[in-house]
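The values are calculated or read from the model by the stated rules, or taken from the named source; none is laboratory data. Being a predicted model, the structure only gives us computed values, none of them experimental. Here the Cβ is made from the backbone with ideal geometry for all residues, glycine too, and neighbour counts use every protein chain on show. Protein only, heavy atoms only, side chains kept; ligands, DNA and RNA dropped before computing areas. Shrake-Rupley method; radii C 1.70, N 1.55, O 1.52, S 1.80 Å.
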2 protein chains.
Amino acid sequence: METTTPHHTRHDSREDLLKAARELIVGRSYTSVGIAEICARAGVRKGSLYHFFPGKEALTLAMLDALYADFEREVLIPGLAGANGLHARIEAFVHAIHAFETRMQAESGQLPGCPFGNLAVEMGTHNPTLRRAIRGHLDAVTAHFRSVLDEAVQDGELPGDTNTEALAEQWLALMEGILVMAKADQDPATVLRLGPALVTLLTHSPPEVPHER
Amino acid sequence: METTTPHHTRHDSREDLLKAARELIVGRSYTSVGIAEICARAGVRKGSLYHFFPGKEALTLAMLDALYADFEREVLIPGLAGANGLHARIEAFVHAIHAFETRMQAESGQLPGCPFGNLAVEMGTHNPTLRRAIRGHLDAVTAHFRSVLDEAVQDGELPGDTNTEALAEQWLALMEGILVMAKADQDPATVLRLGPALVTLLTHSPPEVPHER
DNA sequence: ACACTAGTTGACCGGTCGGTAAAGTGCAAG
DNA sequence: CTTGCACTTTACCGACCGGTCAACTAGTGT
C-alpha cells in the first residue's frame, strides 16, 4: 500500500503560487505584479505565500528555475536534436520562439518578449540577486547554442576554426534583440521578419579571433 | 536693449525636472523612480511638476524627446559623418556606445543599457502611449542606420541589391541585444566583446530577399 | 495703484506596496 | 487523548505611490 502522500496532497499551494507568479510576471513585469495579485490568482492567502517563500524575490527566483527547466525541455532540447543541419535548426528555433510569443499574446493579450531578458533589463540595475540568477540562466542557454554550433563544425557546416563560444553568445544577443524589437512592436511577425539575421550572423562569422594589435 | 527674458528666467524648473527625470529613469527604470524622487533631485516641489506636466507619463514622454535629440546630435550624426567606410563607422558607433555605458556606470554605479530599449521592455506590455513613442524613436534610429548602409552601397562597400531597410532594422535589433547582455553582465566590456557581431551581420547579408515559396 | 497670471508651496488624498504577527485548523505520530 | 507540526487565515503595519488642491508669491501690463 504505502500511499506516499506525505501529508495529504491537497491543493499544493506552493505549485499554485509558482504557476500564478509565472503567468503574471512573464505576462507583465516584476514590479507591476504585486504579491496580492499573485495570491489572488493562486487562490491562496498572503500569509501562506510567506510560509513557503521568504518573500517576493525568492518566489521569483524559484519561478525562474522552473521556467528555465521548461524552456530547456520544450524548446532547447527538441531544437537541438529535432532538425538536421544548422540552417534548419536555426529556423526551427525561430519558429518555436515565434509560436511562444504568438500563444502568449493570444492568452494574455500582450506579447511578452523574452522572460529572462525582460527581468534582466528591469531588475539588472537594482537587484543583484535576481540579476545573477538570470545571468546564470542565460549562460545555460548559450551553452545549448554552442553545442549546436559545435555539431555544425563537426559536420563541416561551419569552418573548423570557428569560435563557437563567442558565436553562441552573439546568437543569444541577437535573439534577445529580436525579442526587444518584437515587444516594442507588440507583433510576433517581427520575430519572423528579423529571424533571417540569425542565419546571416551564424553562417558568416569570421574564421578566427582577429587577434588585433 | 530688449532683455528678451520672457519672465525672468529664474531656475527654469521645467528644464530641471526633465534633467532629473532623465538621470533617474535612464539610470534605473520608470516604475522604480517616483515623482517625489524626481522632484527632490530637481529641487522643485511636487505641485510645480504638475504645473508643467499633466503627470509622470507626460514628463517621461518629454524627457524621451530630449534624450533622443541629444543622442542624435551627439552619436548618430557624428557617427554617420565622422569616420570613412562602413567598417570604421560600425566600430566608431560601438565605441561611442561603450563610452556612454562606461560613463553612466561611473556616474551612477549602474550600467543602464539602452534607455529606449529598457523602456520598451519595461512598459511595452502595459502602457501603449509610452510604447508607441519609443517605437517612433527606434524608427528614427533605424533611419540613420539605413542612410549609413545606403552610403556604403553607393560606395560599393555593399552589394547594389542590398536590402538596406531590412538590414538597418537587424542592426538595431543586434545593438539592442548587445545592450541587454551588457546590462545582464553589468560590464561595458560586453559591448566590445559582442561588437564584432555587427560587422559580421552588416557585411555578409544575403544579396536579395530570398522570396521563399 | 491695480488686476492678472505664471509659478510656487505644503498639506493632503485614497490606494497599494511588500511584509508581519498571531490565532486557528487539521492531520499524524507518540 | 495529547502533543507537535505543517499549513492556513485574518487583521494589521508603516511606507510609499501618483495625483489634487487651495492658498500664496512675485513679476507684468494697464
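Return yes when B:Arg10 is open to solvent by 20 Å² or more (accessible area, probe 1.4 Å) and at pLDDT 90 or above and no when it is not. Step through it out loud before you land on a result.
Details: open to solvent by 20 Å² or more (accessible area, probe 1.4 Å): yes; at pLDDT 90 or above: no.
Answer is no for this residue.
Mind checking which pairs have a first residue in segment A:156-178 that is within 12 Å of another protein chain (Cβ to nearest Cβ) and closer than 18 Å to B:Ala184 by Cα and a second that is part of a loop (DSSP other than H, G, I, E, B) and modelled with pLDDT of 95 or more, Cβ under 6 Å, 6 or more apart or different chains?
What qualifies is A:Glu176/A:Cys114.
Please go through (1) facing chain A (nearest Cβ under 8 Å); (2) free of Cβ contacts under 8 Å to residues at least 60 places away in the same chain for B:Gln186 and return the number of the only condition it doesn't satisfy.
(2)
Tell me, please, whether a residue that is within 10 Å of chain A (Cβ to nearest Cβ), outside any helix (DSSP H, G or I) and of a type outside the set (Phe, Trp, Tyr) can be found in segment B:113-122. Quick ask: steps written out before the conclusion?
Going through segment B:113-122, the residues within 10 Å of chain A (Cβ to nearest Cβ) turn out to be B:113-114, B:116-122.
Restricting the remaining residues to those that are outside any helix (DSSP H, G or I) gives B:113-114.
Filter once more, keeping what is of a type outside the set (Phe, Trp, Tyr): B:113-114.
Yes - at least one qualifying residue is present in segment B:113-122.
Scan segment B:89-111 for residues that are among the acidic types (Asp, Glu) and either in contact with a helix residue (DSSP H, G or I) (Cβ under 7 Å, 6 or more places away or on another chain) or under 21 Å from B:Ala152 (Cα atoms) (or both) and report the count.
Quick first cut of segment B:89-111, residues among the acidic types (Asp, Glu) only: B:91, B:101, B:107.
Among the residues that remain, those that are also either in contact with a helix residue (DSSP H, G or I) (Cβ under 7 Å, 6 or more places away or on another chain) or under 21 Å from B:Ala152 (Cα atoms) (or both) are: B:91, B:101.
Counting residues in segment B:89-111 that are among the acidic types (Asp, Glu) and either in contact with a helix residue (DSSP H, G or I) (Cβ under 7 Å, 6 or more places away or on another chain) or under 21 Å from B:Ala152 (Cα atoms) (or both) gives 2.
What's the number of the condition A:Thr5 fails, among (1) surrounded by 17 or more Cβ atoms within 10 Å (Cβ to Cβ); (2) modelled with pLDDT under 95?
Of (1) surrounded by 17 or more Cβ atoms within 10 Å (Cβ to Cβ); (2) modelled with pLDDT under 95, only one is false for A:Thr5: (1).
Only one of these is at negative phi, away from chain B (no Cβ under 14 Å) and within 16 Å of DNA strand C (Cβ to nearest atom): A:Ala81, A:Ala92, A:Ala21, A:Ala99. Name it.
On the way: A:Ala81 fails: within 16 Å of DNA strand C (Cβ to nearest atom); A:Ala92 fails: within 16 Å of DNA strand C (Cβ to nearest atom); A:Ala99 fails: within 16 Å of DNA strand C (Cβ to nearest atom).
From the options A:Ala81, A:Ala92, A:Ala21, A:Ala99, the qualifying one is A:Ala21.
Restricting the search to segment B:12-40, which residues are of a type in the set (Lys, Arg) and either farther than 16 Å from B:Leu61 by Cβ or within 11 Å of DNA strand D (Cβ to nearest atom) (or both)?
Taking segment B:12-40 and keeping what is of a type in the set (Lys, Arg), we get B:14, B:19, B:22, B:28.
Matches in segment B:12-40: B:Arg28 only.
Please work out if B:Leu61 is under 16 Å from B:Leu18 (Cβ atoms) and either more than 16 Å from DNA strand C (Cβ to nearest atom) or touching a His at 6+ places or on another chain (Cβ under 6 Å) (or both).
Details: under 16 Å from B:Leu18 (Cβ atoms): yes; either more than 16 Å from DNA strand C (Cβ to nearest atom) or touching a His at 6+ places or on another chain (Cβ under 6 Å) (or both): yes.
In short, yes.
Out of the residues in segment B:41-81 that are assigned to a loop (DSSP other than H, G, I, E, B) and surrounded by fewer than 13 Cβ atoms within 10 Å (Cβ to Cβ), state the one that is nearest to DNA strand D (Cβ to nearest atom). Write out each step before concluding.
Kept after step one, since they are assigned to a loop (DSSP other than H, G, I, E, B), are these residues of segment B:41-81: B:43-45, B:53-55.
Narrowing the set further to residues that are surrounded by fewer than 13 Cβ atoms within 10 Å (Cβ to Cβ) leaves B:43, B:45, B:54-55.
Working: B:Gly43: 16, B:Arg45: 8, B:Pro54: 7, B:Gly55: 3 Å.
By that ranking, first place goes to B:Gly55.
Please name all residue pairs, on different chains or six or more residues apart, with Cβ atoms under 7 Å, provided the first residue is in segment A:39-57 and is within 14 Å of A:Lys19 (Cβ to Cβ) and the second residue is in a helix (DSSP H, G or I) and near DNA strand C (Cβ under 7 Å from one of its atoms).
Filtered contacts from segment A:39-57: A:Cys39/A:Lys46; A:Leu49/A:Ile35.
From (1) away from DNA strand C (no atom under 16 Å from the Cβ); (2) more than 14 Å from chain B (Cβ to nearest Cβ); (3) open to solvent by 40 Å² or more (accessible area, probe 1.4 Å), pick out the condition that doesn't hold for A:Leu86.
Unmet for A:Leu86, out of (1) away from DNA strand C (no atom under 16 Å from the Cβ); (2) more than 14 Å from chain B (Cβ to nearest Cβ); (3) open to solvent by 40 Å² or more (accessible area, probe 1.4 Å): (3).
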